[in-house]
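Scroll down for the structure; my scribbles are underneath it.
The values are calculated or read from the model by the stated rules, or taken from the named source; none is laboratory data. Quick caveat: nothing in here was measured; it's all calculated off a predicted structure. FYI the Cβ positions are ideal-geometry reconstructions off the backbone, even for glycines, and counts take in every protein chain you see. With ligands, DNA and RNA removed, areas are computed over all heavy atoms of the protein, side chains included. Shrake-Rupley method; radii C 1.70, N 1.55, O 1.52, S 1.80 Å.
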Amino acid sequence: MSPERWAKLEAWFALALEQPAERREAWVRARCRDEGESESFAAELLAMLAEDEKREGPLEASWESALAPFRMPNAPPAAFGPYRVLRLLGEGGMGVVWLAEREDIGHRAAIKVLRDSWLSPARRQRFIDEQRLLAKLEHPLIARFLESGATPDASLYYVMEYVEGRPLDSYLREEAPDLKARLRLFEQVTEAVQYLHRQAVLHRDIKPSNVLVEASGRPRLLDFGIAKPLSETGQATRTQGGLMTPAYASPEQLAGEPLGVESDVYSLGVVMTESLPPGLPGYSRDVAALVATASAKDRGQRYPSAEALLRDLRHWAANEPLEARPAHWTYRARKFIVRQRRAVALAAGVTLVVASLGAALWWEQRKEIAATERALRVKDFLLLLLEGGDEEAGPAGELRVRTLVERGVKEAQSLASEPAVLGEWKNTLGRVLLKLGDVERAETLLEEALALRGPGAEIYQDLALLRASQANYEEAERWARQSIRVAARKEQARAHAVWGQVLEDQGKYKEALAALALVDAYAPSDKVQAAAWTERGNCHFYLGQYAEARRWYEQARAADQRIFGPQHPHVADDLVNLGAIDSETGELAGALDKYSRALGIKQAWYGEEHAGVASILTMRARALLRQPGNAPAAAEDLKKALVIQEKVWGAAHPKVASALNELGTLAGQERRYSDSETFYRRAAEIYRAVYPQGHFTLGVALSNLAGASLKQGEAARAMEYIEQAIGVFEKSLPAGHSSTALARIRQGQIALALGDKGKAQRVTRQALAELGEAPGLEAWREIAKATLQRAVPK
């Protein structure tokens, strides 16, 4: 039996033992079917269970008897360093836990030993990862890590603080605490889980047996055997070895989907559900709402974090309104009366009580409503500047967008006494300034908004878009992931749209399409839907799937025109995208027409020196350079574009590299090959720095560098560049992409210059086969045919 097969049998055996005896066989067969396991695997597992049922006594004995035929002996040593073994505490699928004592100081500890470490290097690595994770945790409600080591037979172990207590379910059954005490207990457990999440750790196995309650009533969280850093839970994956406990695992964990902090919240909710039976006195609608929200199967309806659950547990203890319940005024009034019962009892008379209570409630409610309404008015007003819908908010005349935003920035100074409103104000101003291309001030305002507003899906999304615009993709991904983790269901559509955009910006097109497909599942608003359609079109465009890209772009344009009107920047972006398809398919007249129309819209809204204007100038110049006689017009566009992009983004940004690339093409057409090479090399350097994992644009720059080198008679150097370019294309683009085929045509030319006619013929024929009948590439086909003719031996 292979170590991998045995490791899986061992893990599933442990899970099967947790099922009721009468349901174990059905559980095994269903799981094997769902996981695609063979009948022989199921038979072996059922045989182990049958052997276990023949025995009586504790779990340890049945475990050993069932595994004895397969396992190497793993007896404990008499001591682990200075610790002397006292007795067995327990064992599970991964390890054996011993109670030990350090005789020199009389200190007791729990020592976990990796059982059967010879079976699998992967098991050893998981055990080591568990040690590293525990070593960084320091919290009074989490058992402390002390040290680690290895036995003489190379078995790994680590030493933990020994917690003397009872499992949570046993404690509750034996002590029968009242509702208030139970919820206080869960408040402490949630504090421990919240601490884990702040350390970017997901527990993934919260259940009653992993919470020990000491004699004092203090709970301690244990067993981090399948815990993971949050950075490793963003991809869909099944929990290692199936070692989770199905009864407490979230639906997304059982389904092998990406996990977030709300997955641990679900497990907490299930434990609470089991521990708070409806028959308990005082089991109110508040508690029912709290438990139901924590254990909601739909993660969008669940508390988004342990912190949110903890807040409501504390709200309940203080007789304050819960976030999990609608804030109707009568509900708030009842809570106010309970909190203020002493003041109410001391009031002089019923009339005075009612009047005082009414005034207090009215004043508290009016303050909240006023702040909320003001924040919403601020947001709506500012977004109106860029989202259209009001003739006076348009771009023409004296009331320019930038002028109004400047007024908004000054107005923020008067909101210092209302931090919530100020945070909303700065968040919205930052978003608007980012669209205006004022990146530096946008960054300042968004960071200030985060400090004022605290964690939230919207601010995380805006920070993700900011970082993506700056080509800081590591930070962009971090904020986008955080947004998905904390977003309520109504916020998930935009969260996934932003995540898709961040992935698309990096050239991760297939991953981006998967993320964008999830937007539809969350009933997106019209604006979010249109933005997602645009990003889908972008992915298909860069994958060379122009018909599919055009379909999504047309849908986006129709939506944007309906929402914003025909002269809006979003519609200009739609025209640019459709023009890019025209340009790639050889419809240059259509491309130039769309670019010019888009340019007029953007200039009217943002003026002449906006980054979006510069991008359109670059695109238009690219199309102009494909037509004879347009070099002067292209040069004018590119000079303007480069100045604007460097001013907005700095010298090392992909948008700067895009302009440099076209300047290289212009220099090549004017036979300034040395200048051409300089432009291409600078573009390649930028792409390498910005996209360390590779991006097809780097391939474009390298291919162009090869062409410039060939023109200067440096064929050997040209071959190095073109082979690098093909490597980038093959890694970042699907097989048969036209960019790869065009690079092979250039490779054939270079091979011919080096005298390698065989290679020239081979790669050129491959390129023509990859090109097929793709439109707009006739000139390249002619170059390929000429290469083949010259490569034929005479």
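Observations, loosely collected:
- Each residue of region 95-216 gets 127 Å³ once the volume of the Cα convex hull is shared out per residue.
- D_trans [Stokes-Einstein, Kirkwood Rh over alpha-carbon pairs] for region 430-556, 20 °C, 1.002 mPa s, µm² s⁻¹: 146 µm²/s
- The fraction of accessible area contributed by carbon and sulfur in region 576-722 is 51 percent, rounded to a whole number (1.4 Å probe; ligands and nucleic acids excluded).
- Equivalent ellipsoid dimensions for region 438-492 as semi-axes, Å, which come from the Cα gyration tensor, largest first: 18, 14, 8
- Exposure of Glu164 as accessible area (Å², to 10), given a probe of 1.4 Å and all protein chains: 130 Å²
- Oblate is the label for region 725-787. Its Cα gyration tensor axes, ordered a ≥ b ≥ c, give a/c of at least 1.5 and b/c at or above a/b.
- Spatial separation of Cα centroids for region 721-778 and region 449-472, in angstrom: 42 Å
- Shape category assigned to region 536-597 from the gyration tensor of Cα positions, a/c cut at 1.5: oblate
- Across the cross-link table entries Lys435/Lys508; Lys527/Lys594; Lys510/Lys647; Lys112/Lys228, which are compared at the Cα atoms, the separations over 26 Å belong to Lys510/Lys647.
- Centroid-to-centroid, using Cα positions, region 637-716 and region 499-532 are 30 Å apart.
- Gyration tensor verdict on region 623-735 (Cα atoms; rounded if a/c is under 1.5, prolate if a/b is larger than b/c, oblate otherwise): oblate
- Packing-based ranking, highest mean first, of 493-500, 95-102, 573-580 given that Cβ atoms within 10 Å are counted: 493-500, 573-580, 95-102
- Nonlocal amide H pairs with Tyr83, under 5 Å, H built at 1.01 Å: none
- Accessible solvent surface per residue of region 613-677, calculated while the other protein chains remain in place, 1.4 angstrom probe, Å²: 41 Å²
- Neighbours of Ala635 by Cβ distance under 11 Å: Lys/Arg scored +1, Asp/Glu scored -1, total -2.
- Ranking by accessible area, most exposed first, for His610, His107 with a 1.4 Å probe: His107, His610
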